[in-house]
Each structure stands twice: as structure tokens, then as C-alpha cells.
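See structure below.
The values are calculated or read from the model by the stated rules, or taken from the named source; none is laboratory data. Note that the structure is predicted; figures quoted are calculated from it, not measured. Positions of Cβ are backbone-derived with ideal geometry, glycine not excepted, and every protein chain shown enters the neighbour counts. Areas reflect the complete protein model, heavy atoms only, side chains present, ligands, DNA and RNA absent. Shrake-Rupley method; radii C 1.70, N 1.55, O 1.52, S 1.80 Å.
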Amino acid sequence: MDSNLIRVSAPFTFEPNNYLITKSRKSNRLSSFSQKKPFTLSFKLGNNKARNGVAFDESAYEAERLSMDAKARDLMAETSKRETESGAEDDPKSWKWIIRKRIWDLMEVQNIAQNPRPVHHRIPNFVGASVAAKNLTGLEEFRVAGCVKVNPDSPQKQVRLLTLSGGKKLLTPQPRLRTGFFSVLDSSMLSPSTINEACTSVGVAKYGKQIGLDEIIKVDLIVIGSVAVNPKTGARLGKGEGFAELEYGMLRYMGAIDDSTPVVTSGKCGFCRIFLPLFYLVLFILFVYCIESNL
């Protein structure tokens, strides 16, 4: 499979006092993100396997997660409609939702989406996600990484599996940060029969160690999901809830990452077709380079 390497951007800076991600002094190519108010989150950390002497109920945990995810998507659908209808043409809150909807609609119409479906208000799972994950393992940034932070969404499940099966530590956020901040899974503590389950939300709850913002940890590579990406600038849109930016901010606050930490996202090229051929499988290495591969 042929690949082309394209440099897209340079690292950006972070100011922990007000959760602000700005353009780097070294480059003006990266779009900025900001959150005016400081974030404050508080959770009780613990082991999900047994709380207060009660065994971890996998079915109840998953049912509750799915129910709360559905409610969150309904809320985001309402937010999308309100901000799209009330926003000015140049209002980012408005045009970002337009881009997201075009991508989600396109993936469903062209049937290049995978379960869970419909993909609307999700980080969309896509045909070829496992190929993108395999491409990632060929990168030097992945090969030398000892700890990889990967989002908990479906299209990156294979990335989580390859991280653990490759003998690395996996850092993954709690779904929508509802029950805590991050969980760490160490491949050395898992058996071959449990690694695949450990890549799921239930598996993370069963086998992962929850950590707080005072944890001392070094993250060598970040993998995030995306709805749309501009391969020329590295600018990226998620599903609209801001968790990728919030998680990045928390990791900077913890000292787990710095400006040199590479950030990767994988997905189908849909709205970005003006830059790359339609339906190319693309793996964007933000701030480093982009791999584009034909299926």
C-alpha cells in the first residue's frame, strides 16, 4: 500500500489557567481553540470491579452507559439545531455543525459507515478503520511510544487493541468523563484472552486503573477521533462536545504531554475531498505529517 508523507503543522501551546489552545509561535497554520472559563471537575476514583463489596455488574454498567450516551446525543442534536438556525454565517458554532452534518449524512448515504449507526452526533465509525489502525503501527511515533492515549470511540478500538498487544500502556478517558478522568491499562497485566475485552468500555472499567490529575505519567502519543479534518492545516472537528480539547488540557495540566507530543487522528476523507480524492483512507498526524492510502 503506497503512502505519501505530507508535513501539515507544528505544535501548539497551552495555557492551563484558562484552558486555552492557541496558534504556535512557530506556525500560523493551526486553527485556535478556546474555552473562556476554567474547567473544574471532581470525581471519586476507585476500582469498578468491586465497590462497597458489590461485584462489578457488566450488563448494568453497559446499559447505563448506552442510555446516557443516547441522552447526550439527543442534547447535542438540539444544540446543533439551535446554533445552526440562530448563528450568523461566519459564526463558528453554526458552520462547524454544517460541516459535521455533511460528513455524517455523506457517510450514511454512501454506506461507508460501520456500527454503531446512525453515525450522527458520534465520532463516526468508518469502513477501513482497522486499516487506518494498521497504518498507525507503521509510524516511528507509534513504534517508540511507551504510553499511548486513545479516545474510547468505536473507530479507534483497533488502535487500542494494537497498543495493548504491542506491549504498550494504554491511557483512555472515561466515556464523556462521567465517572472519572482517565484509566490506564498495562499490557503486562492482561492475558491474551482479556486484551480484546480490555479495548471496550466494559473492559476498561473491569481491568483499568483509574487515575486523577495528580498522577505522574508520561504520554508519548495521542490518538483522537474526528468528524472532519483539514489535511493542509491540521485543523480538526470532533462531534461537538469538546472532550478532546478538554482531555488535552488535563494532560498538559498533569505534565503528561508537552508541545512535542504528536497528535494523531484517523478517518474517512469526506468533506475534505477538495484537498484529497474522495473516500481516501487517511491517517492524519497533526503537527508531524499525513499518511493517505488508497483502499
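Got at least one residue in region 149-157 being in contact (Cβ under 8 Å) with a residue 60 or more places away in the chain and part of a loop (DSSP other than H, G, I, E, B)?
Checked region 149-157: at least one residue is in contact (Cβ under 8 Å) with a residue 60 or more places away in the chain and part of a loop (DSSP other than H, G, I, E, B).
Restricting to region 244-268, give me the number of residues that are at pLDDT below 90 and surrounded by 21 or more Cβ atoms within 10 Å (Cβ to Cβ).
7
Please determine whether any residue of region 196-218 is open to solvent by less than 20 Å² (accessible area, probe 1.4 Å), at pLDDT below 90 and not small (Gly, Ala, Ser).
no
Looking only at region 111-123, decide whether some residue is more than 30 Å from Ser183 (Cα to Cα), in contact with a helix residue (DSSP H, G or I) (Cβ under 9 Å, 6 or more places away or on another chain) and either surrounded by 15 or more Cβ atoms within 10 Å (Cβ to Cβ) or at pLDDT below 95 (or both).
Yes, the conditions are met somewhere in region 111-123.
Any residue in region 75-91 that's within 22 Å of Arg176 (Cα to Cα): show its pairings with residues that are part of a helix (DSSP H, G or I) and open to solvent by less than 100 Å² (accessible area, probe 1.4 Å) at Cβ separation under 8 Å, as long as the two are six or more apart or on different chains.
So the pair list comes out as Ser80/Trp97; Ser80/Arg100; Glu83/Ser94; Glu83/Trp97.
If the Cβ limit is 6 Å and pairs must be 6+ apart or interchain, which residue in region 158-169 that is among the polar types (S, T, N, Q) pairs with which residue that is open to solvent by less than 10 Å² (accessible area, probe 1.4 Å)?
Partner pairs satisfying both residue conditions: Gln158/Ala133; Thr163/Val148; Thr163/Leu170.
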